[in-house]
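Take a look at the structure below.
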Amino acid sequence: MKGRSIQTTIAPWLTVQRGEEAVSFYKAAFDAVETYRLETPGGLVVRLSVNAAEFWVSGSSDVPNVQLSGGDSIRMILTVSDPDIFFAKALKAGASEIFPVGEEHGWRLGRLVDPFGLHWEIGYEL
């Protein structure tokens, strides 16, 4: 659009089998705020924001064959000022620890897997 300034961003889109459960998890684990929702007979699409960092979640319990490329092939890096608090909250919400928050390779971060099989590294660069 002429005259309109649009900031370039990249936002991951996570496709999971239980979209509504995933949205609830990310709200509880990361204090995510829902900024967009589209519900159709085919499923759910939600945009979430964590301190202005956006990502999308879609899914449907009616689609049992969603193939995830999580784990080591795709990881989310959630950069926050206090990774210990975010990490502990995510574990309490149902995530599983891969490695605890610590300092290595110029970062303070920990890694976990959410209940939907996606891996998150939570921390900041030192």
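Things to note:
- Using a probe of 1.4 Å on the protein chains alone, the accessible area found for LEU91 is around 60 Å².
- Under the Karplus curve 6.51 cos²θ - 1.76 cosθ + 1.60, θ = phi - 60°, whole-Hz ³J(HN,Hα) for the stretch 79-96, x wherever Gly or Pro sits: 8, 9, 6, 10, x, 4, 5, 4, 4, 4, 5, 5, 4, 5, 7, x, 6, 10
- Close amide H partners of LEU118, meaning residues 5 or more places away or on another chain with modelled amide H under 5 Å apart, do not exist here.
- Which of ARG18, ARG108 is most accessible, then next, and so on - probe 1.4 Å: ARG18, ARG108
- Karplus-derived HN-Hα couplings along the stretch 33-39 (A = 6.51, B = -1.76, C = 1.60, θ = phi - 60°), whole Hz, x at Gly and Pro: 10, 6, 10, 7, 8, 10, 10
- Two-site label geometry, ARG75 and SER96: point separation in nm, points 7 Å out along Cα→Cβ: 1.7
- Computed from point charges on the beta carbon alone (+1 for Lys and Arg, -1 for Asp and Glu), the dipole magnitude for the chain about its Cα centre is near 440 Debye.
- Here's the picture: charge each Lys and Arg Cβ at +1 and each Asp and Glu Cβ at -1 in the chain, and of ALA28, LEU44, TYR124 the one pushed furthest to the positive end of that dipole is LEU44.
- Solvent-accessible area of HIS119 with every protein chain in place, 1.4 Å probe, in Å² to the nearest 10: 30
- J(HN,Hα) series, the stretch 101-115, from Karplus relation 6.51 cos²θ - 1.76 cosθ + 1.60, nearest Hz, glycine and proline x: 5, x, 10, 7, 6, x, 10, 10, 7, x, 10, 9, 10, 7, x
The values are calculated or read from the model by the stated rules, or taken from the named source; none is laboratory data. Everything numeric here is computed off the predicted structure, so don't read it as measured data. Glycine also receives a Cβ, built like all others from the backbone with ideal geometry; neighbour counts cover every protein chain displayed. Each accessible area value is taken on the protein alone, full model and side chains, heavy atoms only, with ligands, DNA and RNA left out. Shrake-Rupley method; radii C 1.70, N 1.55, O 1.52, S 1.80 Å.
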